[in-house]
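What follows is a short report on a single structure.
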Amino acid sequence: MISVMANGMAGNDIICTENESYEIFKEALHDVLMNLTRMLAKDGEGATKLIECTCEKASDLDTAITVAKSVVRSPLVKSGIFGSDANWGRILCAVGYAEADFDINKVDVDVSSRAGSIAACRNGLIIEFSEEEAKRVLLEDEIFINIKLNNGDISAKAWGCDLTYDYVRINGDYRS
């Protein structure tokens, strides 16, 4: 939970119109909330890796959000990232079952980390890649999945974490 309160004690000018001060505050608050969201995803029960999925070139915001969330919520993607497994079909499957309107034959996917970047899919098809390079990229603790739908100019991000043995153990050992 986050609470944003203003009681006037700081002595700042009151922001009551959408002016420059409003835009600065709005951008700063957005940055804080995005960083908190990212931190929560990275600190999941038993998590070892953060997954950040960006969906770009979507026709609308709902589509971009739906596709990005579909990928980070997928148990197959989550477990594949945990195992550093370059099975790009798991990502394409999660993109494909997103309830959104786009042409799968236009989709491009790249997977990256601090160790580098791998082109995984072009025009809806898995492309050749180096298994060794993919493993090196996927062994890092922050994995970035970039999806381009190639039918617009809207983008969105979603964060999640891998699905680990510890997650299953932690959540299988107690009742709430």
Practice task
Hand me the trypsin sites (Lys or Arg not before Pro) from region 112-176 located in a DSSP loop with no more than 15 other Cβ atoms within 10 Å, in residue order please.
Solution key: Arg114, Arg175
Exercise for the section: First check a/c for region 1-116, with a ≥ b ≥ c the square roots of the eigenvalues of its C-alpha gyration tensor; if it is under 1.5, answer rounded, and if not, answer prolate when a/b is larger than b/c or oblate otherwise. Expected result: prolate
Handout entry: Accessible heavy-atom area order of Leu33, Leu92, Leu125, Leu50, highest first, probe of 1.4 Å
Key = Leu125, Leu33, Leu92, Leu50
Practice task
Output ³J(HN,Hα) for region 144-151: one whole-Hz value per residue in order, computed from phi by the Karplus curve 6.51 cos²θ - 1.76 cosθ + 1.60 with θ = phi - 60°, and x for Gly and Pro.
Solution key: 10, 10, 10, 10, 10, 7, 6, 9
Practice task
Quantify how much of the Cα-Cα distance distribution of region 110-150 extends past 17 Å, in percent.
Solution key: 27
Practice task
Tell me which residues come under 5 Å, amide H to amide H, from Asp162 once H is placed; ignore anything under 5 positions away on its chain.
Solution key: Thr48, Lys49, Ile51
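Which of the chymotrypsin sites (Phe, Trp or Tyr not before Pro) found in region 89-176 are loop residues per DSSP with 12 or fewer other Cβ atoms within 10 Å of their Cβ?
Numbers: sites: Tyr97, Phe102, Phe129, Phe144, Trp159, Tyr165, Tyr167, Tyr174; in loops: Tyr97, Phe102, Phe129, Tyr174.
Counting only loop positions with at most 12 other Cβ atoms within 10 Å, the chymotrypsin sites (Phe, Trp or Tyr not before Pro) in region 89-176 are Tyr97, Tyr174.
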Exercise for the section: Show that you can apply the helix-only estimate: for the chain, add -39,500 (n - 2.57) for every DSSP H stretch of four or more residues, divide by all residues, and state [θ] at 222 nm to the nearest 500. Expected result: -12000 deg cm²/dmol
Exercise for the section: Please work out the C-alpha center-to-center distance from region 117-141 to region 1-46 and express it in whole Å. Expected result: 36
Exercise for the section: Give me the percent of the accessible area of region 17-111 that comes from carbon and sulfur atoms, probe 1.4 Å, all protein chains in place. Expected result: 55
Problem - For q = 0.09, 0.16 Å⁻¹, Debye-computed log10 I/I(0) when each Cα of region 37-176 counts as one equal scatterer - result: -0.25, -0.77
Problem - Lysine pairs within the chain, Cα separation less than 17 Å, 8 or more sequence positions apart or different chains - result: 18
Completion exercise
Along the dipole axis of region 95-176 (charges at Cβ: +1 for Lys and Arg, -1 for Asp and Glu; origin at the Cα centre), the most positive-end residue among Leu125, Val107, Tyr174 is Tyr174
Practice task
Sketch the reach of a paramagnetic label on Ala115 as a point 7 Å from Cα along Cα-to-Cβ, and name the residues of region 57-92 whose backbone nitrogen lies under 19 Å away.
Solution key: 77-91
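Viscosity 1.306 mPa s, temperature 10 °C: give me the Stokes-Einstein translational D for region 1-44 in µm²/s, with Rh taken as the Kirkwood radius over C-alpha pairs. Before the final figure, lay out the partial values.
Values: Rh = 12.3 Å.
Estimated diffusion coefficient is 129 µm²/s.
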Handout entry: Those GluC sites (Glu not before Pro) in region 1-79 that DSSP places in a loop and that have at most 16 other beta carbons within 10 Å
Key = Glu18, Glu45
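The values are calculated or read from the model by the stated rules, or taken from the named source; none is laboratory data. What you see is a predicted model; the values in this text were computed from it and never measured. Quick reminder, even Gly has a Cβ in these numbers, built from the backbone with ideal geometry, and neighbours come from all protein chains shown. Ligands, DNA and RNA are stripped out before the accessible areas are found, and what is left, the full protein with its side chains, is counted by its heavy atoms. Shrake-Rupley method; radii C 1.70, N 1.55, O 1.52, S 1.80 Å.
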